[in-house]
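Scroll down for the structure; my scribbles are underneath it.
The values are calculated or read from the model by the stated rules, or taken from the named source; none is laboratory data. In this text, all values refer to a predicted model and were calculated from it rather than measured experimentally. Virtual Cβ from ideal backbone geometry, glycine too; neighbours counted across all protein chains shown. Accessible surface is based on the protein model in full, side chains and every heavy atom, while ligands, DNA and RNA are left aside. Shrake-Rupley method; radii C 1.70, N 1.55, O 1.52, S 1.80 Å.
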Amino acid sequence: MERVFSGTGLGQMGMMWEQVRAPLIVPFMKIMVIMCLAMSVMLFVERVCMGIIIAVVKLMKYKLEKRYKWEAIKEDLEIGNPCYPMVLVQIPMYNEKEVYQLSIGAACGLSWPSDRIIIQVLDDSTDPIIKDLVELECKRWAGKGINIKYEIRGNRNGYKAGALKQGMKHPYVNQCEFVAIFDADFQPDPDFLWRTIPLLAHNPELALVQARWKFVNSDECLMTRMQEMSLDYHFIVEQEAGSATHAFFGFNGTAGVWRISALNEAGGWKDRTTVEDMDLAVRVSLKGWKFVYVGDLKVKNELPSTFQAYRYQQHRWSCGPANLFKKMIIEIARNKRVTVWKKFYVIYSFFFVRKIVAHLVTFIFYCVVLPATVFVPEVQVPKWGAIYIPSIVSLLNAVGTPRSFHLLVFWILFENVMSLHRTKGTFIGLFEAGTRVNEWVVTKKLGEALKAKPGSKSTKKPRLQIGESVYVLEIFVGVYLFLCGCYDLSFGKNHYFIYLFLQAMAFFIVGFGYIGVFVPNS
């Protein structure tokens, strides 16, 4: 009886599938394939154009000195140090036990006339022990003659944006012309200000000088190598291309110097999204100001070492831009102070293609629609869309990190896994769905915790956490891809099963917590 019932049930399901496939499933799948192919072409054209721009910049040796006036600030013997601009250095932090000494020490070590610089530590820590340690560190540097201010507030309203906004309200800030911002895990070299301030001082049209990030823990594990590949492309290609062509790019929130008058003209910091840095950059740009990216100036910092921390970061970096795009698209379109070409670049290229299409097409096409076509042989995906375009896009991305070229396949699989969360974050930001649209989780830093010092008995080796976290969404998608692979292996003709099994394995590895698992001993 059970066999008859089972067979009958499967037969009914088969009949239902045949009844809905031709009139509903096939047309829907064809529409989805066309939409995904269109987004793929958008992304492909965007990546190729940026690649051409970077190639031209490199071949023509298009140096900053040719575009902007740059010369060292010379001391005036008559007036002395007042000829140097007054600089404010802001360090926002929140319970940064592992890195507060590194960041404060690096900021206090900046080479600049001591009476022309103010170090401002904006401490939003809720842990009283950490707060006391940070205050003690500030007092220690103050005892060495450093002009350092320890600032706290009674709440965390607006998170980082709120702290930076409050920091700009102190009376002593009025005497400052420029503000350099460093997150708590960033360690600028002593000559940072000497290489950035002259650009702002000699070019009154510039509002921002952005430096590149250098990752101190990129070799920590496979996950950090993957992050390095993505971020290197962002800095070497996206930021450089935006700087060279439109004098606009998104502020990275740290390792940059702002002209305070430009910041104030645009309305200062706002906390309406989780990407306050990008928000400020767009508003300042709409006022007609220009930005410059200095690619050979690198500031050391740390990549997220755990997958959970990376997930939170990527949610913020995908949800925030989508939400900002929704809030600002009309304002950008109506702006009359910038050219139509620049408005088109910001709306289409900067926001739509890079911040929305790139996330959606990666997950929806390569992890949902393409695998689903194995069940619907009537729907064919052309080879140029399934193989050639993604291959070229991936190769272009790998150019940014030549040393990791041999990891390209792993990077593709890992990026597809992360596209699940980026797509989810993008939809949350666009539709302002749920409470996570304004979710701000500070990325946990490890600082010196993973650096074993030779001969030091107190230094503990990091322990390995494997399988302690299970991520249901990744496992669910992994099962879906595995089933698609099995079906394609048995009945398909496109040989997608090779990719499907590899991608399913990647989702399973991440879903069962086997990546980003090195954590320090407490």
Q: Report, by residue number, each residue of region 136-176 that is in contact with a Phe, Trp or Tyr (Cβ under 7 Å, 6 or more places away or on another chain) and either among the hydrophobic types (A, V, I, L, M, F, W, C) or loosely packed, with under 13 Cβ neighbours inside 10 Å (or both).
A: Cys138, Ile148, Ala161, Leu164
(Q) Please go through (1) touching a Phe, Trp or Tyr at 6+ places or on another chain (Cβ under 9 Å); (2) of a type in the set (A, V, I, L, M, F, W, C); (3) in a helix (DSSP H, G or I) for Trp213 and return the number of the only condition it doesn't satisfy. (A) (3)
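Residues are listed down the side, and each one gets a yes or a no for (1) touching a helix residue (DSSP H, G or I) at 6+ places or on another chain (Cβ under 7 Å); (2) at pLDDT 95 or above; (3) over 17 Å from Arg283 (Cβ atoms); (4) open to solvent by 10 Å² or more (accessible area, probe 1.4 Å):
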{"residue": "Lys300", "(1), (2), (3), (4)": "no, yes, yes, yes"}
{"residue": "Ser318", "(1), (2), (3), (4)": "yes, yes, yes, no"}
{"residue": "Pro321", "(1), (2), (3), (4)": "yes, yes, no, no"}
{"residue": "Met328", "(1), (2), (3), (4)": "yes, yes, no, no"}
{"residue": "Ile332", "(1), (2), (3), (4)": "yes, yes, no, no"}
{"residue": "Val338", "(1), (2), (3), (4)": "yes, no, no, yes"}
Q | Single match in Lys74, Lys69, Lys61 (criterion: in contact with a Cys (Cβ under 9 Å, 6 or more places away or on another chain), within 30 Å of Lys290 (Cα to Cα), open to solvent by 20 Å² or more (accessible area, probe 1.4 Å) and in a loop (DSSP other than H, G, I, E, B)) | A | Lys74
Q: Please go through region 199-249 and pick out each residue that is within 30 Å of Leu407 (Cα to Cα), open to solvent by less than 10 Å² (accessible area, probe 1.4 Å) and among the hydrophobic types (A, V, I, L, M, F, W, C).
A: Ala211, Met223, Met226, Met229, Phe235, Ala241, Phe249
Q: Sort out which residues of region 375-394 are under 22 Å from Glu18 (Cβ atoms) and modelled with pLDDT of 95 or more, and write them in order of number.
A: none
Q: Quickly run through region 492-506 and pick out the residues that are out of contact with any Cys (no Cβ under 9 Å at 6 or more places or on another chain), touching a residue at least 24 places away in the same chain (Cβ under 8 Å) and either of a type in the set (S, T, N, Q) or surrounded by fewer than 16 Cβ atoms within 10 Å (Cβ to Cβ) (or both).
A: Lys493, Asn494, Met505
Q. How many of the residues making up region 99-135 are among the acidic types (Asp, Glu), surrounded by fewer than 19 Cβ atoms within 10 Å (Cβ to Cβ) and assigned to a loop (DSSP other than H, G, I, E, B)?
A. 1
